[in-house]
Amino acid sequence: MSETDPHPMSPQDCLVALMIAVSASDESIRTAELVKIQSAVNNLPIFAEYDEARIPEMSGLVFDLFEQEDGLDALFGLIRDNLPERLFETAYALACDVAAADGTLREAELRLLEEIRYELALDRLHAAAIERGSRARHMKL
């Protein structure tokens, strides 16, 4: 990312970074979460033109930010600056799917999802519907 580039992150980069952040939030990135991220990038229309080679770069960015005191705030600033508002619900849906991918929602993941709802100013009813859909998609017998 060049300092002269006014938009270092594409909207897809923002979505990937947020998914990685949710996965890393509990300090343990699980295989199911990585598979969910890869599956989203490989299959969802929003990522049709996305260069998968950027995923490691976004991972590095998230890990670097998480090492800083105000790194989460910086991540949300990047997301708000580079992700169109019309994709905020998409971002939250992807984050919920990653959090639910391993069948367990940990406290750190729940806190981060709450922070995402707040930072992206998501309507409570819309957020609840997104969460319910994610839960339904990840149910086990």
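The values are calculated or read from the model by the stated rules, or taken from the named source; none is laboratory data. All values reported here derive from a predicted model rather than from experimental measurement. Note that each Cβ is placed from the backbone with ideal geometry, even for glycine, and that neighbours are counted across all protein chains shown. Heavy atoms of the whole protein, side chains included, go into the accessibility calculation; ligands, DNA and RNA do not. Shrake-Rupley method; radii C 1.70, N 1.55, O 1.52, S 1.80 Å.
For the chain, the 222 nm mean residue ellipticity estimated from helices alone, with every DSSP H stretch of n ≥ 4 adding -39500 (n - 2.57) and the total spread over all residues, rounds to -20500 deg cm²/dmol. Modelled label positions at Gln38 and Arg106, each set 7 Å beyond Cα in the direction of Cβ, lie 2.0 nm from each other.
Put simply, when 42-55, 106-119 are sorted by average Cβ atoms within 10 angstrom per residue, most first, you get 106-119, 42-55. Quick one: net charge of Asp73's neighbours, Cβ under 12 Å, K/R +1, D/E -1? It works out to a net charge of -3. The structure-derived value of Rg/Rh (Cα atoms, Kirkwood Rh) appears in the list (i) 1.24; (ii) 0.93; (iii) 0.96 under the label (ii).
Near Leu110: Cβ cut-off under 12 Å, other residues only, Lys/Arg at +1 and Asp/Glu at -1. The net charge is -3. Under 10 Å from the Cβ of Asp123, count the other residues' Cβ atoms, weight Lys and Arg +1, Asp and Glu -1, and hand me the total. Every neighbour counted, the sum reads +1. Hey, for a label at Leu125 modelled as a point 7 Å past Cα toward Cβ, could you say which residues of the stretch 63-106 have their backbone N under 17 Å away? Answer for this model: 89. Cα axis of helix 31-43 to longest principal axis of the chain: angle in degrees, 0 to 90, nearest 10? The two axes meet at around 70 degrees. For the chain, the relative contact order works out to 32 percent when only alpha carbon pairs closer than 8 Å and six or more residues apart are counted. In the stretch 38-80, the portion of solvent-accessible area held by carbon and sulfur atoms comes to 49 percent [1.4 Å probe, whole percent, DNA, RNA and ligands not counted].
Taking the longest Cα principal axis of the chain as reference, the axis of helix 55-66 is set at about 90 degrees.
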